[in-house]
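Take a look at the structure below.
The values are calculated or read from the model by the stated rules, or taken from the named source; none is laboratory data. Predicted model, so just to flag it, every value in this text is computed and none were measured. Note that each Cβ is placed from the backbone with ideal geometry, even for glycine, and that neighbours are counted across all protein chains shown. Remember, those area values only see protein heavy atoms, side chains included, never the ligands or the DNA or RNA. Shrake-Rupley method; radii C 1.70, N 1.55, O 1.52, S 1.80 Å.
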Amino acid sequence: MRSLPLRRRELLGMTAGTLAAGLPRTLPAGAEIRFGTAVSADVLARDPAYAELVRRECVLLVPEWEMKWAAVQPEPGRFDFRGLDRIAAFARGNGMALRGHALLWHREAPAWLADRLTPANCESLLRAHFTEVMERHAGLTDSWDVVNEAVEPEDGRADGLRRSFWLERAGEGYIETAFRIAAERAPGAELVYNEYGCEHDGDWSRRRRAAVLRLLERLKGDGVPVHALGLQAHLQAGAPFSSAGLAAFLREVRALGLRVLVTELDVRGGGPGSPAERDAEVASLYRAFLDTVLEQASCDTVVTWGLSDRHSWLRREAGPEERPLPFDEELRPKPAWTALREALAAAEGRHR
Ligand code: G3I
């Protein structure tokens, strides 16, 4: 993918067959929309064919695990960047950028962190961690998921915040503190609040959208340096979805002066039916979702959570029959890849 200029898209055509021909790497372009994917250092090392696909199609990489707190600071003051450094070396060697994921999350936190965290030391713990992580490959990383998944309406709080150890141990101010420290450590970087469950229609998503908007309104109202909402976009074919419903939510996000990123796109399910029928249903949702986001929001980043079904986290989580990504088990492009390219092409066509 690597963000084709329009002329190359015309040359390439949009057929999956064209792409299957193993076309040479597409030229990087100064296109408006960066496309990338989440990668694991181990997978890049052990699967050279997959690494070549990533190199050919992406201008942006996100460490799937290697930048999370448990990976980089497993013990207090001991930093381990071996996994992240391997991904950064791959990115640097292929002219790619990195997205930082995730500076603060309630999962993948080492036990010592929850044990030690208090309102009094939250700022110093965050500053020590953020300083090391944000400076490690500062030249490669211009966009950060500063806080990940901080809302959980099912936890019953009036403000919709998740009853995580961050909230329980450090108090509600931890989110603002995280963004202010990130802005201090990486002036000029794009600071993102990343969340799931805002893409579909239905009561569950409606509550999540409301909680996210409430949080973002509060942060913006308090002058907190948050620049964008990251829509993780772990979608479900067959679940209620309407462009109108998502568009209305995105208009409220834009009204806060926030950009939007698509940060972890994949589409579960589709079916029952043949793989071809399921792939078609999945592709249809890729297109409908991306068209809506790219039409309604200021969005310059689309990241899938993996490129091939071969390495999807959903194969580990939900079983080997999952087909959520743009390329299949054999690294062949699927209808979802065509849908994704067409959505990006249409968006870039609108920008010209
Ligand atoms: O624990 C080992 C560690 O000891 C080893 O050094 C490392 C080497 O690769 O692997 C670790 O294994 C697992 C890791 O993925 C790498 O595969 C971890 O146990 C496992 O918890 C981790 O799962 C990741 C999960 O986030 C939790 O971090 C998934 O790969 C990743 O796809 C998933 O991604 C999340 C996003 O970050 C946030 N949004 C939801 C999304 C899906 O859950």
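Solvent-accessible area assigned to carbon and sulfur over region 30-187 amounts to 48 percent, based on a 1.4 Å probe.
Phi angles across region 325-336 convert, under the Karplus curve 6.51 cos²θ - 1.76 cosθ + 1.60 with θ = phi - 60°, into 3J(HN,Hα) values of 10, x, 10, 8, 4, 9, 6, 8, x, 10, x, 5 Hz, Gly and Pro given as x. Between Gly100, Gly202, Gly306, the Gaussian network model of the chain with springs among Cα atoms under 10 angstrom shows the greatest mean-square fluctuation at Gly202.
Ordering Leu331, Met96, Pro240 by the projection of their Cα atoms onto the charge dipole of region 16-351, which places +1 on the Cβ of Lys and Arg and -1 on the Cβ of Asp and Glu, puts Met96 at the extreme positive end.
Rg over Rh for region 223-272 works out to 1.07, using Cα positions for both radii and the Kirkwood form for Rh. Ranked by solvent-accessible area (1.4 Å probe, protein heavy atoms only, all chains present), the residues Arg157, Arg206 order from largest to smallest as Arg206, Arg157. Which one of Leu307, Val282, Ala297 is farthest out on the positive end of the charge dipole of region 273-317, using unit charges on Cβ (Lys, Arg +1; Asp, Glu -1) and the Cα centre as origin? Of the candidates, Leu307 comes out farthest on the positive side. Under a model in which nothing but the beta-carbon of Lys, Arg (+1) and Asp, Glu (-1) is charged, the chain shows a dipole of about 740 debye around its Cα centre. Across region 235-252, coupling constants 3J(HN,Hα) worked out from phi with the 6.51/-1.76/1.60 Karplus curve, θ = phi - 60°, read 9, 10, 4, x, 6, x, 8, 9, 4, 4, x, 5, 4, 5, 5, 5, 5, 5 Hz, and Gly and Pro carry x. How far, in degrees from 0 to 90, does helix 275-296 lean away from the longest principal axis of the Cα atoms of the chain, to the nearest 10? For helix 275-296, the angle is close to 60 degrees. Proximity of backbone amide H atoms, modeled 1.01 Å from N, is registered between Leu235 and Asp266, Val267, Arg268 at under 5 Å, excluding neighbours fewer than 5 places apart on the same chain. What the phi angles of region 167-175 give under the Karplus curve with 6.51, -1.76 and 1.60, with θ = phi - 60°, is a coupling list of 5, 5, 9, 10, x, 4, x, 5, 5 Hz, glycine and proline written as x.
Of Ala158, Ala41, Ala88, the residue with the greatest mean-square motion in the GNM of the chain, using alpha carbon springs below 10 Å, is Ala158. Note that the chain carries a Kirkwood radius of 20.6 Å, evaluated over its alpha carbons pair by pair. Pairs of Cα atoms in region 86-150 fall into 5 Å distance bins, from 0 up to the last occupied one, in shares of 3, 15, 23, 24, 16, 11, 6, 2, 1 percent. In terms of its alpha-carbon gyration tensor, region 288-352 comes out prolate; a/c meets the 1.5 threshold, and the first ratio a/b outweighs b/c.
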